Amino acid sequence: MVEYYKETEEVAYKKSEQNSGPKSSFTTEHNEYIKELLDNDPQLYSDDIINSLTERFEDFTISKSQPNSHLRNTMLITVKKPMFESEIRNSVGNLQTRFEWFMEWKDSDLDFTKNCIFIDEAGFHINMRNNWARSKSGGSAIVKQPKTRAQSHTIIGAIHSSSVVHVVIRKPPPRKETQAAKKKRKANNGKKRTANEISTEDPEVDDDAADNKPVLKGTTIAHFVKFMNEFLNVMDLDETLKGSYIVMDSASIHKSKPMLQKIESKGYKIMYLPPYSPELNPIEQFWAMVKEKMKRDRLMSGENLSSRIGDACNDVLISDLYSFCSHSKRQIIKCYNKHRSNMHVFLLNKCLFFKRQTSMTNFTVNFS
């Protein structure tokens, strides 16, 4: 005992049931029930957990502070920022669809890290910021944003495990300065009207019907076909990409028959991913990293959203691209096993020994 004290400066004592602290009110059965509750609803309050436990188990009583401590220290369940997903994402039907997709392609020479190009769209706007902020203890964290609503920019990109092949930004059409100021005016200029006048007169008149036409939003087939034409020209310049698989989700704009015929005529193959399976598309992780890089800093004077997106794309490392593709490749076997998919978009830590390599993005801006 003296030697132990000299080494640790602590008094040795024999651990037993008497000195191991108060016995926990929770049993293995309680823990299993709590786990089942949280699997069904991860956003339960501690009061809800207490009520469910007391209703399920007779003579079970605990204080309000016990559940949170037990969840955190014993069951290792903590509060996190949730990732929301569609209820049907892991439905029986979608699990079967992923299985059939796997069986269709399992005997092909397709390899996510070698001969695949991944294509998808994403939305960006100038007010993108982090979902956290700092403030003095006890005060609110307020982040000021411009009064006007930010216009969204659509970006279409194509990546390979070794490079960013092609990226195009489609800017929204500029709004006319006078359009926002124009309002509909009353046709009678505020004067009283008879019943006959009301029945025959238009209650509202547009100042300029042509200027008030709705602005087209989103990516159309025409936009995507234009991107694909530019993309195929870039692909033709690289002999190492000949015969690659063009991997996309099953959105309708990706299925233009003339476009598909052109892709196949150039010797490329097409593969559509199963629905509700973003974890199988590495470009989803690429967009997440690009957006994260954009959120770090405000736009500087002389800088615009297009240049910021271009810089963020060029900052992605080749090692990152390969890791994205490798991660998605590892998810494929889950389709065969019919495991529930979990879109874990990760941002890789930059180890000091990684050699800095840019992805040499072919980046353009489309003003149409």
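Tabulated values for the structure
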read-out: Entries of Lys81/Lys293; Lys35/Lys80; Lys242/Lys329; Lys35/Lys329; Lys23/Lys64 with Cα pairs more than 23 Å apart; value: Lys35/Lys329
read-out: The range 277-284 - phi-based ³J(HN,Hα) in whole Hz, Karplus 6.51/-1.76/1.60, Gly and Pro as x; value: 9, x, 5, 8, 10, x, 5, 4
read-out: 5 angstrom amide H check on Ile270, placed H, neighbours 5+ away; value: Ile246
read-out: Ranked by how many other beta carbons lie within 10 Å on average, peptides 74-87, 57-70 from highest; value: 57-70, 74-87
read-out: Net charge of Cβ neighbours under 11 Å - reference Thr113; Lys, Arg +1; Asp, Glu -1; value: +2
read-out: Cleavage-rule hits (trypsin sites (Lys or Arg not before Pro)) in the range 218-286: DSSP loop, at most 15 neighbouring Cβ within 10 angstrom; value: Lys242, Lys255, Lys266
read-out: Under 13 Å, Cβ to Cβ, from Thr54 - net charge with Lys/Arg +1 and Asp/Glu -1; value: -3
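Bear in mind these aren't lab numbers, they're just calculated from the coordinates by the rules spelled out. For clarity, every value in this text was computed on a predicted model and none was experimentally measured. Counting neighbours? That spans all protein chains shown, and the Cβs are built from the backbone with ideal geometry, glycine included.
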